[in-house]
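A quick write-up on the structure given underneath.
The values are calculated or read from the model by the stated rules, or taken from the named source; none is laboratory data. All values reported here derive from a predicted model rather than from experimental measurement. So basically every Cβ, Gly included, is an ideal-geometry build from the backbone, and we count neighbours across all protein chains shown. Side chains included, ligands, DNA and RNA excluded: accessible areas come from the protein's heavy atoms. Shrake-Rupley method; radii C 1.70, N 1.55, O 1.52, S 1.80 Å.
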Amino acid sequence: MQLTLSGPPHFPPINTVGGIMRQVLFALIPALVAHCWFFGWGILFQLALAVGFALAFEAVMLRLRGKPLQPFISDYSAVVTAVLFALCVPPLAPWWISLTGMLFAIVIAKHLYGGLGSNLFNPTMVGLAAVIIAFPIDLSQWLAPRSLSPGLPGLAETLRAILTGQLPASLNWDTLSQATPLDALRTGVAENRMVTEIRANPIFGDFGGRGWEWIANFYLLGGLYLIWRRVISWHVPVAVLATTIIVSTPMWLLGPDVNPSPLQHIFSGALVIAAFFIATDPVSGCSTLRGKLVFGAGVALLTLAIRRFGGYPDGVAFAVLLMNMLAPLIDRLTTPRAYGHPR
Amino acid sequence: MADAERHPNPVEASDIGQRLYRFPGGLKLRHHKKMACERPLERLPTPERLYLPLKQHQGSTGELLVEVGQQVQKGQPLTRSSNDRSVPIHAPTSGTIEGLRDWPVSYPPGQLAATLVLVSDGQEQWISRNPEPNWHSLDSAEIVDRLRAGGLAGLGGAMFPTAAKLRGQWPKLHTLILNGSECEPYISCDEMLMRNHPEQVIQGGLILGHALGVEQIVIGIEDQMGAVKRAFDQVLDEVDPDQKCRVIQVSKIYPEGGERQLIQVLTGHEVPHNGLPQDLGLVCLNVATAAAACECIVEGTPIIERIVTISGPAVNQPRNLVVPLGTPIAELLAAAGGVDDDLDRLILGGPMSGLPLASDQIPIVKGSNCVLALGREHTQRQQPEMPCINCGECVRVCPASLLPQTLFKHLRAEQFEQADRLNLFDCIECGCCAHVCPSHIPLVDYYRHGKGQLRVLGMEDARASRAKARFEAREQRIEQDRAERRQKREQREQKLQQPKVAMDEVQAAIERARQRKGASSDQSDHPDTDSCS
C-alpha cells in the first residue's frame, strides 16, 4: 500500500490564485457593461489591447526569467492588471497608451521586481501613472457620456481612432469630447466660480458626473460581491470611503462654495474602483487588518489632497503608489498582539 | 508583583460561561460527523495480536516490568511509572508477551519504535482490581496516584500525562473545564462517548474536580451536539446532586476545541504566553480523559481501550468503535467495511491537523481519536505551489493572531530568529492558514520545521553557553591561582627585604636544619626500630 506522507491539512486548500483573480474579473463585468453603455465601444478595444499586450509581456518575461509559463499565465493576474488599466484610460486612447502602460505595469513594476507576489508597487497604477505623465493630453480626452453626446462614435470609427490616434474626418473632438467632471470642477474653482455654479453644467449628475456615477455604482456592486465571497476584506474599501466622507464633509459644510460635497468626491473619478479593486491589491498593500485600515485611509487622504492641491485632476494612481511605499512600514507598526501576550 | 503582572485579570469562577466570547480568526468548516454517528457504538473483538508501543505519551517511558514469553493478565501493568510525567501501559487482554520489537508508530511519522507484542489467549482474564465506588473517601494525592498507576494521559490526542496536570505548584484552582467540543471535521468519538456514557463523563469530572479541589466543573460542547446535551440533562441531577457540573454549548468554529481557544471562548481571557491554564485557576481536560478517570477510580480499570472514529470519504461504512489499545489500524478499516481502491492517505486525527500514517499496521494508542481515509480524488490539488501573493487570508483566520505569511517569508529565508520574534512558538498548528492559502503553500510544514530548527538552535546556544561558562570558570580559577602565588611570593620577598626578619628567617632555617639533622642522626642510631615499627 502506497500512502502519501504529507503534512496537514490533508484536504486541498479552498482557494487558488487563478480562482481569486477570476472572481475579480467577474466582479468587474457590471461596471464594464455600464462603461460600454455610457462611453461606447472604446472600452472593448482598450480591453483587448491591454490584455493582449499584458499576456505577451508576461509570456516574454516568464521565458526570460526561466519560469514555467502554464501556471503563471493561467493565474489571471496579468489579465486583472490589464482590465483595470483599460477601465482607467479614455475609451478612444490610441494603442500606444496600452502598450506603454502594460510595459511599465508588467515588465517593470511586476517582473523586474520578482514577478507575482514580489512587486512593491501596484502594477496597474504604475502603468497608469506612466501614461498620465507621458501622454497627458491623450489621457484627458474623455468622451461625453451618451446622454450628452451628439452621437457616440461607431465601431469602425472607434477602431480607426484607436489604431491611428486620429479622429476620422467625420467626427470632431470638440463636440465629442468633454472635460471630465473632476477637470471641470478643478478649472472652475481655479477661475473663482462657485461649486454650485459649476455643478450647473450638464456633465454633473445627481452626485458626481453623469454616467460616471452609474459606473461607480456598479463598481460598488462588484466590490460588495468580492467582500461577500471573501476575495477582499472590508477594511480597505471602508477605510477609503469613510475617510473621504469624514474629511470632505466638514470642508463642504464650512465652504460649500469652494468644496465639493463628499458624495461628489466619491462618485467622480476613480475613487470607488480604487476603494474596491485597486487599493485592495494584496501584493502591494498591507496584510494586517489594522494596516489595511491605515492603508485605505492614506489612499483617500492623498487622493483628496491631490485633487485639491496637486497638479492632476484625479490623484488616485499617485495616492496608491505613495501608500505602496509605506505599506511594509505600516505592516510592521500594526503587527497584531499574539494570543497570550500582554495587552 | 510578577504574579500580578502575569494575572492582570484573574478569572472569576462565577463568570465562566455567563456569556461566550469570540476568539479571533478560525474557520467554519463542514463537520462531516453525522456519517460516523449513524451506526451504533460497538466493540471491536480483540484481535489475535496487539502491538503496544512503550512510549504512548509525552514524557519518559516507564520501566519495563515483563519479559518475553511471560503470561500476562488483562489490566496487568507492563511498565512502571517513576514520576508524574511518565505513564505506564497495561495489557489490554490476557495472553503471552511474544516479543519486544521495532514496529511502525504514528509519531514521529514514518518511524519505528520499541513495541511489545501481546498474543491474546482469548480468555480476557482480569488481574485483581481495586475498585473504589465511594471515591469521596479518597484524598487528592491518593486519587492522583491511582490515576497515574492506571496510565491516564490526555485522550484528546496530546496524551499529556494527567497526573502532571493535576499535581503542581500553582495558584488556587477554581474550575475544571472538560473539553467536549471536538471541532475537527469527521471526528466524533467524544460525541459518541458523551451520548452513550454521559454519567461516566460527569462522574469522572466530579472525581477529577475532587482531586483538584475546584468549585465547579464546566463541560464545553458544541452547539450542534443536541443529542449530547439531552443525554447530559437526563443524568445530571442523578449523578451530580450537588450541582457542581454545568454543560455549556459553544458555537462551532474551528479550532475552538483547542484548549487555549476554548478557555478564551468560555472566560474571555487568554492563557498567558509561556504560561498554563492553571495560571488562570483553570484545568482543562478532555471528556474522554474524565470518563477514563471514572473507570479507573470507581472500577479500578486502567486505560486499555478507547473509542475511535473510523471515517473519511474513502471509508465504506464510517463508524465509531470501542477498540483495545494496540489494535493495528488495518483491523479497524476492515471493521468499517474496508476502504476504496484509490486510497491516498491514512490519517490519525482530523483532516486539519492529523498525522499522516505510513502504514496500516500502526497500532491504536491512547491518543488515537480518529482514523481518516482519503482517496486520491479528495487530496488532488488544482494548481502547483505558487508564490505568496500576500492576500492576508491567513492573517484573517489565524486564531493566535500571528502573521502567517510574514512568518513563512522569514522561514523560507531561514531567518529563524525573526520568526521567533514574531511569536512562531504561539502557533498551535491548527492548519487554518494553509487551508485558505490560494497559493497552496504548506504553511504548517514550514512552521514545524522552523520550530524544530529553533529548538536545535536553542540547544546549541545552551550548549555553547555552558561551554563558555566552563571556559570562563577555568580561566578564573587559573587567574586566581596565579594571583595567590604572586601574593605569597610578594609577601615572602617583603619579609626577606626587612633585615631583621630576614636574619630570623635564616636563623630559623638553620635551626630547622639542625633539628632535622639531629633527628635523622637519632634515627640512624636505631635504624631497626624504625624499620620494624
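What to note about this one:
- Residue pairs, from the table B:229/B:252; B:34/B:244; B:34/B:229, whose Cα atoms sit over 23 Å apart: B:34/B:244
- Probe 1.4 Å, protein heavy atoms only - accessible area per residue of the protein assembly as shown in square angstrom: 45 Å²
- Rounded D (µm²/s) - the range B:393-452, Kirkwood Rh over Cα pairs, Stokes-Einstein at 25 °C, 0.890 mPa s: 222 µm²/s
- Taking other residues whose beta carbon is less than 14 angstrom from the beta carbon of residue B:471, and scoring Lys, Arg as +1 and Asp, Glu as -1, yields +3.
- The lysines within cross-link reach of residue A:110, meaning a Cα-to-Cα straight distance under 17 Å and a gap of 8 or more places when in the same chain, are A:67.
- Once C-alpha pairs closer than 8 Å and six or more residues apart are averaged by separation and normalised to the residue number of chain A, the relative contact order reads 17 percent.
- Counted over chain B, the DSSP beta bridges are approximately 60% antiparallel.
- Label point distance in nm, residue B:469-residue B:172, each placed 7 Å from Cα along Cα→Cβ: 3.7 nm
- Between the listed residues B:226, B:269, B:189, the Cα displaced farthest toward the positive end of the dipole of chain B, a dipole computed from Cβ unit charges relative to the Cα centre, is found at B:269.
- Highest-MSF residue in chain A out of A:64, A:322, A:139 [GNM, Cα springs under 10 Å]: A:64
- Tail beyond 12 Å, pair distance distribution of the range B:235-282 (Cα, percent): 69 percent
- Three-way shape call for the range B:45-140 based on the alpha-carbon gyration tensor, with the a/c threshold at 1.5: oblate
- Accessible surface for residue B:167 stands near 80 Å², nearest 10, in the context of the full protein assembly shown (1.4 Å probe).
- Surface calculation, 1.4 Å probe, protein heavy atoms: residue B:170 sits at approximately 70 Å² accessible.
- Amide H contacts for residue B:370 (H built 1.01 Å from N in the peptide plane; partners 5 or more residues away or on another chain; cut-off under 5 Å): B:309, B:349.
- Label separation (residue B:449 vs residue A:332): 2.6 nm, computed from points 7 Å beyond Cα along the C-beta direction.
- For the range A:181-299, the equivalent ellipsoid derived from the alpha-carbon gyration tensor has semi-axes of 29, 16, 10 Å in decreasing order.
- Span per principal axis, largest first, for the Cα atoms of chain B (Å): 109, 62, 52
- Across A:81, A:16, A:280, mean-square fluctuation computed from a Gaussian network of chain A (C-alpha pairs under 10 Å connected) peaks at A:16.
- Rounded to whole numbers, the Karplus 3J(HN,Hα) couplings from phi for the range B:88-101 are x, 10, 10, 6, x, 7, 8, x, 10, 6, 8, x, 10, 9 Hz, using 6.51 cos²θ - 1.76 cosθ + 1.60 with θ = phi - 60°, and x at Gly and Pro.
- Treating r as the C-beta distance of residue A:14 and residue A:221 and R0 as 25 Å, the FRET efficiency rounds to 0.55.
- Mean separation of Cα contacts under 8 Å (6+ apart) over length of chain B, as relative contact order %: 17 percent
- The range B:248-402: C-alpha gyration tensor shape, a/c 1.5 cut-off, then a/b vs b/c: oblate
- The range B:324-379 shape via C-alpha gyration tensor axes, a/c threshold 1.5: oblate
- Over chain A, the pair-distance histogram of Cα-Cα distances with 10 Å bins from zero comes to 5, 24, 33, 23, 9, 3, 1, 0, 0 percent, rounded to whole numbers.
- Calculated translational diffusion coefficient of the range A:15-178 (20 °C, 1.002 mPa s; Stokes-Einstein with Kirkwood radius over alpha-carbon pairs) equals 131 µm²/s.
- The residue list A:159, B:107, B:152 was ranked by how far each Cα lies along the charge dipole of the protein assembly as shown toward its positive end, using unit charges on Cβ atoms, and A:159 comes out on top.
- DSSP bridge pairs, the protein assembly as shown: antiparallel proportion in percent, nearest 5: 65 percent
- Subtracting the Cα-Cα distance of residue B:486 and residue B:513 from their residue separation scaled by 0.36 nm leaves 7.0 nm.
- Residues B:103, A:234, sorted by accessible area with the largest first, give A:234, B:103 [1.4 Å probe; ligands and nucleic acids excluded].
- Between A:210, A:307, A:65, the GNM of chain A built on Cα springs shorter than 10 angstrom shows A:65 fluctuating the most.
- The protein assembly as shown: radius of gyration over Cα atoms, expressed as a fraction of 2.2 N^0.38 Å: 1.32
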